[in-house]
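Visitor: Dumping the structure here so I can ask a few things about it.
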Amino acid sequence: MEKLMEQFLEQSAQAEENFYRVEEQRLQAEDRRREAEHARELHMLQMLAQVFSSGRPSSSSSSPPKPSPLARPPHRSSGFRCQVWRLLERYYSLGSSSLGGMDDDVVSLVKSIVPPLTSKKHKGQDGRIGIIGGCKDYTGAPYFAAISALKVGGDLSHVFCTKDAATVIKSYSPELIVHPVLDSPNAVEEIEKWLPRLHGLVVGPGLGREDFLLKTAKALIERSRARDIPIVIDADGLWLVTHQPAVIQGYQKGILTPNFMEFTRLFEALHHEPMNSSDHQRSVMQLSAAMGNLTLVLKGEQDLISDGIYSCSVEGSGRRCGGQGDLLSGSMGVMAHWAHAASTAGLIRGMNPSVVAAFGACSLTRQCNNQAFQRHGRSTTTSDMIQEIGPAFRKLFES
Ligand SMILES: NC(=O)C1=CN([C@@H]2O[C@H](COP(=O)(O)OP(=O)(O)OC[C@H]3O[C@@H](n4cnc5c(N)ncnc54)[C@H](OP(=O)(O)O)[C@@H]3O)[C@@H](O)[C@H]2O)[C@@H](O)CC1
Ligand SMILES: Nc1ncnc2c1ncn2[C@@H]1O[C@H](COP(=O)(O)OP(=O)(O)OP(=O)(O)O)[C@@H](O)[C@H]1O
């Protein structure tokens, strides 16, 4: 009797295991089918957006201006164009349906890229981030970016700046590793030595616009790209991209984080015409397509993130002190590393890892702004916001 019972239990355990295995396979197949379908649809519509917008990828700023059918709907008589227009509208609305309801889903994805804190890891595993920036005029910006990368959870933050900025930046914080090499004659080789050890690069905060520094930044972007390192480009790095878009065009691990001014400059350089400032979503889609579908974040009252359009409107405050964009780019550098690592490990599926990172960093920056404002009101500074990174991160992604 006992034997029979044992046999019965074994068989039912086996049957249960088989059931779950088959069910899991079925769910995985269904997931793959949905993802493929979604990706096919987005890809097709993206291609159409690219072809029919004025923003074909162009590596040369001297190509002739092209008319933009996206600036307004085509005339009714153009049947095919109307059809394309409707498709494009569907594309935009596909994306913008994520404006409200998708927020929670994206936040869950951000949560899933945050690496667990365990005693099994060694220093460096949660992120070694490099900041390319810091010159005579600007020492605050690279500091804000680098310290934010650490406070978000990166393990090591390197700042590659000019000689005269280095001592100043070191004096702000003993946490940062500061290399005074950006204006040395062999800057590229000096910095390239570090690339194999870096998980993410943030190019631009406090870089300035001197030719030599921009040339160095360009070479470093190219070499990091060749090594498949996620790259966030902000501030003066965007000045470089505006003049030489090919440096980052089409790089899927690249994220651009322009403010409105930087966005307008970049848009006009690529499209050779003023942007339609009444429709930011459309402009973001157009510019993203022209840049080879890389992730773009237009910062503002709401942060608009492509591909597709995701909007981050976590409540911030009315306080707009300088440096908030540096906090954003530094945190994004770390999150981009986490997101791509999670994607490689199969932990996130169905969404571009760069978008997950961008959404995470935007939400965090705005939450820091909100919390700092509650304490300091009008006197809020970026340093106050940096103090809030820990609690804001916990509130958003660890609760
Ligand atoms: N503590 C430090 O070290 C900091 C250093 N920083 C570093 O400074 C460097 C230059 O960066 P940047 O942003 O000041 O330069 P740039 O693009 O020429 O903009 C200048 C003009 O654009 C306008 N404008 C700006 N935003 C706008 C908007 N949203 N919407 C509309 N207009 C807008 C505005 O024009 P205005 O209102 O004055 O007419 C403004 O005067 C860069 O390396 C950066 O990292 C900063 O990070 C801050 C903290
Ligand atoms: N009107 C706004 N309301 C709420 N949040 C905003 C607003 N404008 C910008 N932000 C937030 O502030 C952050 C920085 O954006 P901002 O436009 O100030 O960048 P920036 O000009 O590049 O900054 P920086 O001073 O570092 O150069 C973004 O994360 C964005 O979400």
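The values are calculated or read from the model by the stated rules, or taken from the named source; none is laboratory data. These figures come from a predicted structure and were not determined experimentally. Ideal geometry is used to build each Cβ from the backbone, glycine not excepted, and the neighbour counts take in all protein chains shown. Each accessible area value is taken on the protein alone, full model and side chains, heavy atoms only, with ligands, DNA and RNA left out. Shrake-Rupley method; radii C 1.70, N 1.55, O 1.52, S 1.80 Å.
Visitor: Determine the shape class of segment 258-313: with a ≥ b ≥ c the square roots of the Cα gyration tensor eigenvalues, call it rounded for a/c under 1.5, and otherwise prolate if a/b is greater than b/c, oblate otherwise.
Guide: Taking the square roots of the gyration eigenvalues as a ≥ b ≥ c, segment 258-313 is oblate.
Visitor: Let me ask something else. First compute the accessible area of segment 122-398 with a 1.4 Å probe, then give the percent of it belonging to carbon and sulfur atoms.
Guide: 48
Visitor: Using θ = phi - 60° and the Karplus relation 6.51 cos²θ - 1.76 cosθ + 1.60, list the HN-Hα couplings for segment 175-180 in order, rounded to whole Hz, with x at every Gly or Pro.
Guide: Residue by residue, segment 175-180 yields 6, 9, 9, 10, 10, x Hz.
Visitor: Calculate the length of the line joining the C-alpha centroid of segment 113-151 to that of segment 294-372, in whole Å.
Guide: Between the Cα centres of segment 113-151 and segment 294-372 lies a distance of 15 Å.
Visitor: If packing is taken as the average number of other Cβ atoms within 10 Å across a peptide's residues, how do 303-314, 318-329 rank, most packed first?
Guide: In decreasing order of mean packing, 303-314, 318-329 become 303-314, 318-329.
Visitor: Also, I was wondering about something else. To check you understand DSSP bridge types, tell me what percent of the beta bridges within segment 122-398 (both residues inside) are antiparallel, rounded to 5.
Guide: About 20 percent, rounded to the nearest 5.
Visitor: If a/c stays under 1.5 just call it rounded; otherwise compare a/b with b/c (prolate if a/b is bigger, oblate if not). Do that for segment 338-399, with a ≥ b ≥ c from the square roots of the Cα gyration tensor eigenvalues.
Guide: Prolate is the answer for segment 338-399, as a/c is 1.5 or above and a/b outweighs b/c.
Visitor: Can you check what the net charge comes to around residue 257, using other residues whose Cβ is under 12 Å from the Cβ of residue 257 (Lys, Arg +1; Asp, Glu -1)?
Guide: Taking every Cβ under 12 Å from that of residue 257, the sum is -3.
Visitor: To continue, here is another question. Residues with amide H under 5 Å of residue 159's amide H, sequence separation 5 or more or different chain, H placed in the peptide plane at 1.01 Å from N; which?
Guide: 131, 177, 178, 179
Visitor: Let a ≥ b ≥ c be the square roots of the eigenvalues of the Cα gyration tensor of segment 122-398; is it rounded (a/c under 1.5), or, if not, prolate (a/b larger than b/c) or oblate?
Guide: Taking the square roots of the gyration eigenvalues as a ≥ b ≥ c, segment 122-398 is rounded.
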